[in-house]
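This report concerns only the one structure given below.
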Amino acid sequence: MTYFTGYRCSNCGAEYSPEDLIYLCPVCARDYKAGMPLPGILECVYDYEGIARAWAEFNIAFPDAHEAKRMEELCEIFCPVDKEYFPNLPVGKTPLVCSQSLAGETLHLKFDGLNPSGSLKDRASQLVVAEAKRLGMREIVAASTGNAASSLAAICAAAGLKAVIFAPAAAPEAKLVQIKVHGAKLNLVDGSYDDAFAAALNYGKDHDCLNRNTAYHPFTIEGKKTAGLELFVQMESVPDYIFIPTGDGVILCGMAKAFSDLQKTGLIDKVPVLVAAQAESSDAITSYWESGVYGDANQTRTIADSICVKTPSAAHLALRVLQDSEGFGIRLTDEEILSAQKMLAERSGLFCEPSSAATLAAYFNCREQGKIKDKASVVLMLTGHGLKDVQAVKFAD
């Protein structure tokens, strides 16, 4: 059973049926211009009273349910696709590691590098693949700097579907190998992630396929939301701050959606402060938050390839969720990111890719600036495994 009732445009508020296959709000999309953030991103709406009843009934029936079962149940009742369509891969239920060796105080590290393909992107891919199976579609296309692509390739392989990938030729070799080994059709683009995004959209116009482009398909936000739902179960409370690696802004929006949905259901009465950790050369969302005026990032070159984006697709929604949570964006140099990656590996035992390490670098930066309250509970989202990009470590040496 699903409590999903439909879509609502994040921009104009227009509502659409759950049976409609819509990517962007048709009303807002009329004003879309190439090279600008996507307008009218659709958000999933639920029967929140029904979800509250279902969660209460579960807790009454299973008062001693272990953490993994509670995470699974909460994610299932907040899901727009029935679980019967999910491919048979163990996505999600990733560990929350408490570390006191990084900053002299407890930091909570949500390590999504332990998903099947090594990144949080499996959460979104699982949901889009499930939707394709529900609709009877056999092919899915996506643009990616590597993680979303290797994720889609793996999940499609498990489901027996075809994955068509458009990725920058400069993407890390390990990620390109992952895409190929799972049997996906890889199209290398001589350009940036933004160029790959456009190529995937063009491919979808002439082929009978589902498009998994981040922020373009509404379920990409819903899939990434599950990491926030799991955090709520694991911490048994709402953390004060969550630091999130941010490129196109969709993980940020997904985490915000998790706590917004929990609040609408009446399970929490506050939301965490969200912090967007960005590479200084790919800082469009941070600049937007500072000025209130959107502009592309000027130069997108960073060792943290997963957050290297010139035109973040979810910029408008990302600005809103930062404002709603009283959050903010912060810029990091490559040197700060690589130093944090090394520290995480040496002191916590977790080897994450550079984009994930940006969250620790951002935390130190914020603490020095006095932006973190004393004794606050802090979560760092480590969204990808370090083996996704070993060249970055060699560069650090």
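The values are calculated or read from the model by the stated rules, or taken from the named source; none is laboratory data. Since the structure is predicted, the reported quantities are computational estimates derived from the model, not experimental observations. Here the Cβ is made from the backbone with ideal geometry for all residues, glycine too, and neighbour counts use every protein chain on show.
Here are a few things to note about the model shown:
- Residues of region 59-84 that turn out to be under 20 Å from Thr5 (Cβ atoms), buried (at least 17 other Cβ atoms within 10 Å of the Cβ) and of a type outside the set (A, V, I, L, M), as a count: 6
- Among residues of region 44-58, those that are hydroxyl-bearing (Ser, Thr, Tyr) and crowded, with 19+ Cβ neighbours inside 10 Å, counted: 1
- Subset of region 1-30 (residues that are modelled with pLDDT under 90 and of a type in the set (D, E, K, R)): Glu19, Asp20, Arg30
- In the set (1) closer than 30 Å to Ala199 by Cα; (2) modelled with pLDDT under 95; (3) of a type in the set (A, V, I, L, M, F, W, C); (4) surrounded by 17 or more Cβ atoms within 10 Å (Cβ to Cβ), the condition left unmet by Leu102 is number (1).
- Test: residue in region 289-305 that is on the phi < 0 side of the Ramachandran plot, assigned to a helix (DSSP H, G or I), buried (at least 17 other Cβ atoms within 10 Å of the Cβ) and touching a Phe, Trp or Tyr at 6+ places or on another chain (Cβ under 8 Å): yes
- For region 211-256, residues that are of a type in the set (Phe, Trp, Tyr), outside any helix (DSSP H, G or I) and either surrounded by 24 or more Cβ atoms within 10 Å (Cβ to Cβ) or modelled with pLDDT of 95 or more (or both) total 2.
- Ala169 surrounded by fewer than 24 Cβ atoms within 10 Å (Cβ to Cβ), small (Gly, Ala, Ser) and in contact with an Asp or Glu (Cβ under 6 Å, 6 or more places away or on another chain): yes
- Selection within region 190-210: residues that are in a helix (DSSP H, G or I) and small (Gly, Ala, Ser). The member of this set that is nearest to Cys308 (Cα to Cα) is Ala196.
- Region 354-388, subset of a type in the set (D, E, K, R) and assigned to a helix (DSSP H, G or I), residue farthest from the chain's Cα centre (by Cα): Glu368
- Among the residues examined, Arg331 qualifies as assigned to a strand (DSSP E or B) and either free of Cβ contacts under 8 Å to residues at least 40 places away in the same chain or surrounded by fewer than 24 Cβ atoms within 10 Å (Cβ to Cβ) (or both).
- Considering residues of region 174-189 that are touching a helix residue (DSSP H, G or I) at 6+ places or on another chain (Cβ under 6 Å) and assigned to a helix (DSSP H, G or I) only, the residue surrounded by the most Cβ atoms within 10 Å (Cβ to Cβ): Lys175
- Test: residue in region 190-198 that is in contact (Cβ under 8 Å) with a residue 12 or more places away in the chain and within 24 Å of Tyr7 (Cβ to Cβ): yes
- Subset of region 310-325 (residues that are aliphatic (A, V, I, L, M) and in contact (Cβ under 8 Å) with a residue 60 or more places away in the chain): Ala314, Ala315, Leu317, Ala318, Val321, Leu322
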